[in-house]
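The values are calculated or read from the model by the stated rules, or taken from the named source; none is laboratory data. All values derive from a computational prediction rather than experimental measurement. Quick reminder, even Gly has a Cβ in these numbers, built from the backbone with ideal geometry, and neighbours come from all protein chains shown.
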Amino acid sequence: MTFWKKFATNFISIFVFYLIPHSVAHSCAYDPGFQGYAFFDATTINTNTLYAPYFLGFADFYKKKLNPQKDQVDANLLEWRERFCNLASIEDIRKIIYKSKVHQLIKLQTAIKGKAIKITGPFSNNSFAKHLQRHKCTETIEYLIFAKRCEPYATWVKSWENKTPDIKAMTQLIKKAKNKFNKTNSHYFKLRYAYQAIRLAHYAGKYQEALDLYDYFILKKENDESIIDYWILGHKAGALQALDKNVDAAYLYTQIFLHCPSKRTSAFRSFKIKTDEEWQHCMELCRNDEEKATMYTLRAGSRHSNLTEEMHSIYDIDPTNENLEILLVKEIHKLEKDFLGHDFNDQKYQNKVRFGIPRKDAGQKLINLNKFVRKVNQEQKIKNPDLWKITEGYLELLASDFYAAEKTFNKIRKEIKDQRIKDQLKVFDLVLKINMIEEPDEEDEAEIAEIIKRNDEYESHPDFEDFLSDKLADIYKKDSPGKAFLVQHDMRKLSIEPKMETIDDLLDICTKEEMTDFEKLLCSEEGVIITNKLRDLKGTLFLSQGKPEAALAAFKEVPRPAREGQKFNPFREMINDCINCEIENDTAIYYDKAGVLERIFELEFEGRSDFENSDLYFYELGIAYYNMSYFGHSWKMMDNFRSGSLAKGVGVENMSKYGQKEMVSGEKAMEYFQKVLDLTKDEELKARTLFMAAKIERNNYYLSEDYKRPKGRNMIPAAPPKYMTFYKRLKRESMQTEFYKEAITECKYFRFYTKK
């Protein structure tokens with residue numbers, strides 16, 4: 001495969017759209033989502049910050065996806081291990097806390113309380129269990145048993161399970177938690193009992209009780225820092241939010257987001273501010289600039305946030321805040337969708353209808369961000385000046401001010417020190433170069449060929465192939481449909497949807513005595529010039545259009561050695577249709593495509609001149625045209641692709657949507673079979689002809705909108721009477737023939753229809 005054919009890989013996943021009717025494609029095909037380009041690489045900034053995953057999304061450069069449940073479990077296990085002086089392994093602690101059952105813990109409790117009782121069962125070699133026994137940690141095991149009993153009422157449940165909480169049982173557990181809180185000596189386990197009680201009240205929907213419990217417990221708690229403090233705050237915030245106390249809830253979520261990594265995802269998703277008034281009150285609660293900057297950052301995570309405005313606010317508070325770069329990248333990714341290649345993106349209509357892109361206010365957003373970036377570059381207070389410098393040029397590029405962008409890039413090129421930014425600038429240079437292509441001459445096409453063959457940025461960045469191909473297709477579509485097609489697709493696509501103007505244009509290009517390097521790329525497939533494929537496609541298309549003379553001329557332009565692999569014999573008669581039968585297994589006589597048409601013209605001549613045997617010649621012609629149709633074993637004479645889904649109930653008039661109208665038609669074959677019926681005196685030949693005519697009628701039913709799919713998977717469809725006229729004639733007029741008996745034996749369809 002040549003490097004140019006890499007263009008085709010972007011379309012392989014959606015070929016199915018062209019192979020099946022639209023109604024099926026829309027319901028079953030892979031949905032690729034928004035189709036566009038992105039060249040601002042997020043890895044240019046520090047993506048290892050705590051905040052990056054929440055604002056840049058689950059992008060490819062994240063090797064570790066956000067997993068809040070795992071984060072919580074890992075943090076909990078780590079704290080348990082630290083509390084027990086790191087004397088037990090994480091995995092042993094996990095087995096007791098998360099994988100044990102109540103009865104197993106009770107058995108362990110007995111071993112801990114008793115004298116010289118050996119630990120047996122799943123914890124016999126568990127280092128944490130042995131530590132608890134050795135040090136008689138009775139409060140620990142008592143808490144673990146209680147927590148395990150709370151677990152069914154306070155664990156995450158899939159929304160579709162519709163699990164109704166057992167309020168009565170949860171209320172009893174809350175009372176027990178308060179009682180154990182008061183009796184327990186360890187302040188650490190007091191905190192955990194408080195957590196269990198508040199969590200149960202929250203999940204039970206007793207929001208005010210959850211807040212009252214918080215006030216009750218917090219006054220009695222010693223200052224012993226733990227992640228559980230923030231877990232409790234999370235449930236308090238959830239209860240406040242449920243009671244429409246959004247300001248207090250949002251402030252608590254800010255605290256959790258700042259200080260508790262194990263609950264950061266939950267806090268990010270839960271943060272909500274509904275009005276400007278609420279926002280102002282929330283800002284008044286902030287105790288320092290860090291909290292204010294975090295608040296702005298969290299608000300930027302909402303779907304309809306104004307990112308530039310949030311960046312302004314964060315910048316005024318803390319110009320070196322790492323979140324500025326994260327929000328900058330997020331906003332640029334949005335603007336890339338709005339502006340990058342919009343004029344020539346071949347999916348722009350779908351993007352607008354399905355995703356509302358470009359956004360209505362995209363132009364103003366671009367202007368606002370550009371102003372902010374210029375301000376930042378002028379004041380030079382930020383952490384990473386190189387990033388903001390190239391951003392200014394890229395925003396000019398997105399605004400289609402290519403002269404200004406080029407000027408900016410040239411100005412800053414020697415100033416940039418960061419290698420990542422230097423690499424990003426090379427990418428922007430190539431984006432700019434492609435955008436500035438207008439009417440490529442030979443020199444331009446030579447440069448394009450160099451880009452495809454040797455440009456490192458083009459080779460390494462996944463969006464360049466699509467970006468360049470869409471740009472060139474848009475340019476070439478006016479004057480060169482062949483180039484416009486092949487810059488986006490490969491020959492397989494052309495064989496599925498052949499168009500004569502495209503084929504002719506490519507033949508003109510690929511048969512030139514002196515092709516440019518770019519044209520050589522287009523006209524080469526795996527190192528072989530595609531001229532013969534184009535001629536074969538042209539002949540096949542002519543034949544499907546009912547132009548056999550033109551088809552023969554095209555086929556004959558393919559050198560005979562290149563036709564040696566073609567093996568057709570559409571004159572071979574078959575009772576049962578078989579679309580994939582291997583000709584070598586049935587006959588030693590076969591033809592290439594040109595040979596088939598030469599034989600057809602011979603039969604035409606014989607049929608018109610040899611009146612005594614004309615019925616035989618016309619029958620052979622009818623067989624040939626039937627077998628070259630969609631339903632015959634030589635269908636590849638008229639088309640290069642066949643989909644079984646096209647044969648059922650779409651209506652002949654709709655077949656042209658899929659480039660298959662002539663191929664499915666039995667009209668030409670029926671014309672010859674009708675001549676046979678008018679001329680023949682041979683009852684056996686008449687029976688054969690009626691049978692073939694009946695098959696054409698049956699096929700017409702499959703194609704028609706009258707078609708009704710049978711209820712059973714392997715049942716034969718019962719056709720209406722108007723599609724059964726030739727079957728009835730065959731039964732009425734030819735029942736005594738040898739062929740009738742043969743057909744009844746071999747063809748289950750025929751057996752079925754004769755009973756009707």
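Tabulated values for the structure
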read-out: Members of the stretch 675-693 that are among the aliphatic types (A, V, I, L, M) and either without any contact (Cβ under 8 Å) to a residue 40 or more places away in the chain or outside any helix (DSSP H, G or I) (or both); value: Leu677, Ala693
read-out: Selected residue (only one of Tyr672, Tyr702, Tyr630, Tyr707 is in a helix (DSSP H, G or I), hydroxyl-bearing (Ser, Thr, Tyr) and either at pLDDT below 95 or not assigned by TED's automatic domain parsing to the domain that holds Arg572 (or both)); value: Tyr702
read-out: Which listed residue is surrounded by 18 or more Cβ atoms within 10 Å (Cβ to Cβ) and aromatic (Phe, Trp, Tyr), from Phe611, Phe571, Phe601; value: Phe571
read-out: Matching residues, the stretch 730-747, being basic (Lys, Arg) and surrounded by 12 or more Cβ atoms within 10 Å (Cβ to Cβ); value: Lys731, Lys741
read-out: Helices (runs of 4 or more DSSP H) contained in the stretch 268-335 and holding at least 3 residues under 30 Å from Lys389 (Cβ atoms) and touching a residue at least 40 places away in the same chain (Cβ under 8 Å); value: 289-300, 307-317
read-out: Which numbered condition Glu406 fails, given (1) at pLDDT 95 or above; (2) within 18 Å of His333 (Cβ to Cβ); value: (2)
read-out: Cross-chain or 6+ apart pairs with Cβ under 8 Å, the stretch 534-552 first and over 15 Å from Phe641 (Cα atoms) and outside the structural domain of Leu522 (by TED's automatic domain parsing), then in a helix (DSSP H, G or I) and of a type in the set (Ser, Thr, Tyr); value: Ala551/Thr540
read-out: Qualifying positions in the stretch 408-427 - within 9 Å of Asp386 (Cα to Cα) and either more than 32 Å from the chain's Cα centre (by Cα) or in the same structural domain as Ser460 (by TED's automatic domain parsing) (or both); value: Ile412, Glu415, Ile416, Lys417, Asp418
read-out: Hits in the stretch 574-598 - residues which are modelled with pLDDT of 90 or more and outside any helix (DSSP H, G or I); value: Tyr591, Asp592
read-out: Test result for Ala204, surrounded by 19 or more Cβ atoms within 10 Å (Cβ to Cβ), modelled with pLDDT of 95 or more and closer than 24 Å to Pro68 by Cβ; value: no
read-out: So Lys695, is it basic (Lys, Arg) and under 22 Å from Arg751 (Cβ atoms); value: yes
read-out: Residue selected from the stretch 87-134 under the condition outside any helix (DSSP H, G or I) and among the charged types (D, E, K, R), by the criterion modelled with the lowest pLDDT; value: Lys115
read-out: Count of the stretch 710-729 residues which are surrounded by fewer than 11 Cβ atoms within 10 Å (Cβ to Cβ) and modelled with pLDDT of 85 or more; value: 1
read-out: Those residues of the stretch 523-573 which are of a type in the set (Asp, Glu) and either in a helix (DSSP H, G or I) or in contact with a strand residue (DSSP E or B) (Cβ under 7 Å, 6 or more places away or on another chain) (or both), in sequence order; value: Asp536, Glu549
read-out: Qualifying positions in the stretch 211-232 - buried (at least 22 other Cβ atoms within 10 Å of the Cβ) and touching a Cys at 6+ places or on another chain (Cβ under 8 Å); value: Tyr230, Trp231
read-out: Test: residue in the stretch 726-733 that is under 23 Å from Met628 (Cα atoms), in a helix (DSSP H, G or I), within 44 Å of the chain's Cα centre (by Cα) and in contact (Cβ under 8 Å) with a residue 12 or more places away in the chain; value: no
read-out: Any hit, the stretch 358-366, residues being in a helix (DSSP H, G or I) and either β-branched (Val, Ile, Thr) or in contact (Cβ under 8 Å) with a residue 60 or more places away in the chain (or both); value: no
read-out: Sole exception among (1) within 21 Å of Arg299 (Cβ to Cβ); (2) crowded, with 22+ Cβ neighbours inside 10 Å for Asp244, by number; value: (2)
read-out: Residues (hydrophobic (A, V, I, L, M, F, W, C), over 24 Å from Cys137 (Cβ atoms) and modelled with pLDDT of 90 or more) located in the stretch 156-197; value: Ile167, Ala169, Met170, Ile174
read-out: In the stretch 174-186, the residues that are in a helix (DSSP H, G or I) and touching a Lys or Arg at 6+ places or on another chain (Cβ under 7 Å); value: Phe181
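For every residue, the table says whether it meets (1) in contact with a Leu (Cβ under 8 Å, 6 or more places away or on another chain); (2) among the polar types (S, T, N, Q); (3) closer than 21 Å to Tyr195 by Cβ; (4) without any contact (Cβ under 8 Å) to a residue 60 or more places away in the chain.
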residue	(1), (2), (3), (4)
Gln104	no, yes, no, yes
Thr110	no, yes, no, yes
Lys118	no, no, no, yes
Glu139	no, no, yes, yes
Ala147	no, no, yes, yes
